[in-house]
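Chemist: Have a look at this one before I ask anything.
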Amino acid sequence: EKTVSFEEGRSNRVNYLYHQDDVNLTFSAHFHDSFEFLYCYEGLLKVSIDKNDFTLHAGEAALILPNQIHLYETVGSSRSYLCIFSPDHVDAFYPSTVKECAVNPVFKFDKYLNLIEDIKHSGDPYLIRSAFYFIASIYSKLPKMPREKKFTTLVGQVLSYVEENYKTNISLDDFSKKVGYDYHYLSNVVNDGLKENFRSYLNRFRVQKAIELLKRE
C-alpha cells in the first residue's frame, strides 16, 4: 500500500508536477487542488471518485479533477503510472471542470504512451503542456454531469478534520456537532465517500503518518 503523501500542501503550487510508477497501487481517500491522471499498464485498478466506482483495465486511463474525493485499490495485481499536475498547466480547460465532471472518467489510452514518456522525460514545458491538453481534449468529449458539491464539500471537510486533528482524540460525532449535521446522515455520506467508516479511516491515516515519520528518521 502506498504511504507517500503526494498531496502534501494540497498540491497547489504554480506549475506543480509530480509523477510516479507504481506496482499494486492502493491509496485511501484523499483530495487536492490539482488534476490527477492515472494510466494502467497491467492488471486491474478500482478507482472511486466522489462515491462513484470505476475499474481501469490494462490500456485504460482516468482523469480526476481538482477537489474530487478519490481513492485507489488494486485488484489482484497492477502496474500503473500516476501524474498530478496543477491547473495552470491547462488553464484554458480548467474552468469547464468546476461545475461539471465526466459520468465515467475512464478512457482508452494505450495508443498514446508516447505522451506519458514526454511527461516523464522530455523536460520541455511546452511539450508537457501539450500532452496534458491532449488528455483534456479526450476528457472533454466524455458525457458530463453536474458535480456534487455538497457531497464533496462534506467529505473534504472530514478529510481535512482528520488531517488537522489526527494526533488528538477525535470522533465523527464531535465533527457532526461542529458542522451542524445529523450524525447518522454524515456517517452515511462518509461511508459512501471513503468506502470505510470514519474510525477505520482515522486509524489508517494515523498508521500512514507513523510510517512516514519513521522513514524520515
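The values are calculated or read from the model by the stated rules, or taken from the named source; none is laboratory data. Please read all numbers here as calculations on a predicted model, not as lab measurements. Reconstructed Cβ throughout: ideal geometry from the backbone, glycine too, with neighbour counts over all protein chains shown. Side chains are part of the model used for accessible areas, which takes the heavy atoms of the whole protein and leaves out ligands, DNA and RNA. Shrake-Rupley method; radii C 1.70, N 1.55, O 1.52, S 1.80 Å.
Chemist: Mean residue ellipticity at 222 nm from the helices of the chain, using -39,500 (n - 2.57) per DSSP H segment of n ≥ 4 over the full residue count, to the nearest 500 deg cm²/dmol? Intermediate values should be presented prior to the final figure.
Modeler: Details: 6 runs with 81 residues, N = 217.
Roughly -12000 deg cm²/dmol at 222 nm, from the helical runs in the chain.
Chemist: Quick check for me: using +1 on Lys/Arg Cβ and -1 on Asp/Glu Cβ, what's the dipole size of segment 40-192 about its Cα centre, in debye to the nearest 20? Numbers along the way, then the final one.
Modeler: Working: 16 positive and 19 negative charges, 58 e Å.
I would put it at about 280 debye.
Chemist: Okay, moving on. Calculate the dipole size of segment 54-124 relative to its Cα centre from +1 charges on Lys and Arg beta carbons and -1 charges on Asp and Glu beta carbons; express the result in debye to the nearest 20.
Modeler: Charge dipole, segment 54-124, about its Cα centre: 200 debye, nearest 20.
Chemist: Please give the per residue volume of the convex hull enclosing the alpha carbon atoms of segment 127-217, rounded to a whole number of Å³. Can you show the working numbers first?
Modeler: On the way: hull volume 13.8 nm³, N = 91.
In segment 127-217, the Cα convex hull volume per residue is 151 Å³.
Chemist: What residues qualify as long-range amide H neighbours of Tyr16, i.e. H under 5 Å apart, gap of 5 or more or another chain, H built at 1.01 Å from N?
Modeler: Here the answer is Ser86, since their amide H atoms fall under 5 Å of that of Tyr16.
Chemist: Once a ≥ b ≥ c are taken as the square roots of the eigenvalues of the Cα gyration tensor of segment 14-104, is the result rounded (a/c under 1.5), prolate (a/b larger than b/c) or oblate (a/b not larger than b/c)? Before the final figure, lay out each step's value.
Modeler: Numbers: a/c = 1.99, a/b = 1.53, b/c = 1.30.
Prolate is the answer for segment 14-104, as a/c is 1.5 or above and a/b outweighs b/c.
Chemist: How much of the accessible area of the chain, in percent, comes from carbon and sulfur atoms when a 1.4 Å probe is used?
Modeler: Working: 5550 of 10700 Å².
Within the chain, the accessible surface is 52 percent carbon and sulfur.
Chemist: Hey, another quick one. Mean separation of Cα pairs under 8 Å and 6+ residues apart, divided by the residue count of the chain: what relative contact order is that in percent?
Modeler: Numbers: 360 pairs, mean separation 43.3, N = 217.
About 20 percent, as a whole number.
Chemist: Return, ordered by residue number, the residues of segment 24-48 whose backbone nitrogen is under 20 Å from a label point located 7 Å along Cα→Cβ of Asp110.
Modeler: Within reach of a label on Asp110, which here means backbone N under 20 Å from a point 7 Å along Cα→Cβ, segment 24-48 contributes 24-25, 38-47.
Chemist: Given the C-alpha atoms of segment 127-175, compute the convex hull and give its volume per residue in Å³. Before the final figure, lay out each step's value.
Modeler: Values: hull volume 5.2 nm³, N = 49.
Hull volume over Cα atoms, normalised by residue count, gives 107 Å³.
Chemist: Give the aspartates and glutamates reachable from Lys149 as a straight Cα distance under 16 Å; neighbours fewer than 8 places away on the same chain don't count.
Modeler: By straight Cα distance, Lys149 reaches Asp33, Asp50, Glu100, Asp192.
Chemist: While we're on this one: Place a point 7 Å from the Cα of Val98 along the Cα-to-Cβ direction; which residues of segment 119-158 have their backbone N under 14 Å from it?
Modeler: 147
Chemist: If you filter segment 44-150 for trypsin sites (Lys or Arg not before Pro), then keep DSSP loop positions with at most 10 other Cβ within 10 Å, what is left? Don't jump to the answer; show the numbers that get you there.
Modeler: On the way: sites: Lys46, Lys51, Arg79, Lys99, Lys108, Lys111, Lys120, Arg129, Lys141, Lys144, Arg147, Lys149, Lys150; in loops: Lys51, Lys99, Lys141, Arg147.
The qualifying sites are Lys99, Lys141.
Chemist: Take the residue pairs Lys99/Lys120; Lys111/Lys195; Lys111/Lys141 and return only those whose Cα atoms are more than 22 Å apart. Don't skip to the end; give the middle numbers.
Modeler: Working: Lys99/Lys120 30 Å; Lys111/Lys195 33 Å; Lys111/Lys141 17 Å.
Flagged as over cut-off: Lys99/Lys120; Lys111/Lys195.
Chemist: Would you mind getting the accessible area per residue of segment 15-84, heavy atoms of the protein chains only, 1.4 Å probe, in Å²? Let's see the in-between values first.
Modeler: Working: 2150 Å² over 70 residues.
I get 31 Å² per residue for segment 15-84.
Chemist: Size of the chain along its principal axes in angstrom, Cα-based, largest extent first?
Modeler: Cα spread of the chain along its principal axes, largest to smallest: 49, 43, 35 Å.
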